[in-house]
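The values are calculated or read from the model by the stated rules, or taken from the named source; none is laboratory data. Since this is a predicted model, take the numbers as computed values, not measurements. Just so you know, the surface numbers come from the protein's heavy atoms only, side chains and all, with ligands and any DNA or RNA stripped out. Shrake-Rupley method; radii C 1.70, N 1.55, O 1.52, S 1.80 Å.
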Amino acid sequence: MDLYKNTQMHGGTSIMIDEKQLLRDAEHGDPKAQFMLGSWYYEGEVLDQDVEKGLLWLKKAAACGKSNAMINLNIHLIYREETEHNSHIGRLWGEAAAATGNSTAQYNYAITLQRDDASEADLRRAVRYFRVSARQGDADALCGLATSLIEGNGVDQDVVKGIDYLNQALDQDNPVAQYLAGLYLMDGDIVAQDVDRAHEYFVKSSEKGLW
């Protein structure tokens, strides 16, 4: 299950913006304006959707070092226009974003490294990025670290440590952690089976939009 996190610049479509001023700022090299313009064209919620324009501005923002733009390009190229070439470029954007120290970027890059064709070296690198993201308080990264330890992916298996990380994410009311806890409790291999508790966790995660 790939659980990328999208970067959001707004909470709805009622934002009042001066599109001409935003465009002027973007054309003058303001990476924040470039990212906003790119995101809004790409998503089509604030401005009329134009994916091509959106990607153009996101690339400009990414080239200026805007980590959120790099994250969005990483997601688009790997998951929405997946080819061998695009996946390679998307992975490079993901790595560049992670190098900025952005915890969401570090988490997303770890997910990229864990894809189906991942080598053992990639799995080990994924664990390292989960760790550095988790140290910054990213609850989803705690979940990634937990599953890596529980399943022995890229690291020596350590179920006790893995469950501890999962509990830390549960303490933050994280929906991914709730979903994973539901799976483990339903299955009964990692922890004692408890179907009722599993159902409770599944309900909590679904209420937050995770199915």
### Summary
Over all directions, region 51-167 yields a Cα convex hull whose mean projected area in nm² is 7.1
### Sulfur and carbon atoms: percent of accessible area, region 5-152 [1.4 Å]
46
### Task
Kindly express, to the nearest 10 degrees and within the range 0 to 90, the angle between helix 103-113's C-alpha long axis and the longest C-alpha principal axis of the chain.
70
### Task
Can you check what the Kirkwood hydrodynamic radius comes to for the chain, Cα pairs only, in Å to one decimal?
18.3
### Three-way shape label, region 52-109, alpha-carbon gyration tensor, a/c 1.5
oblate
### Summary
Rounded to whole Å², per residue accessible area for the chain with a 1.4 Å probe reads 53
#### Entry: Cα gyration tensor category, rounded, prolate or oblate, for region 162-211 with a/c compared to 1.5
oblate
### Message
Please compare each pair in Lys66/Lys161; Lys32/Lys204; Lys66/Lys208; Lys161/Lys204 to a cut-off of 30 Å on the Cα-Cα distance and tell me which ones are over it.
### Response
Lys66/Lys161; Lys32/Lys204
### Task
Could you give me the percent of Cα pairs per 10 Å distance bin for region 100-211, shortest bin first, beginning at zero and ending with the bin that holds the maximum distance?
17, 44, 33, 6, 0
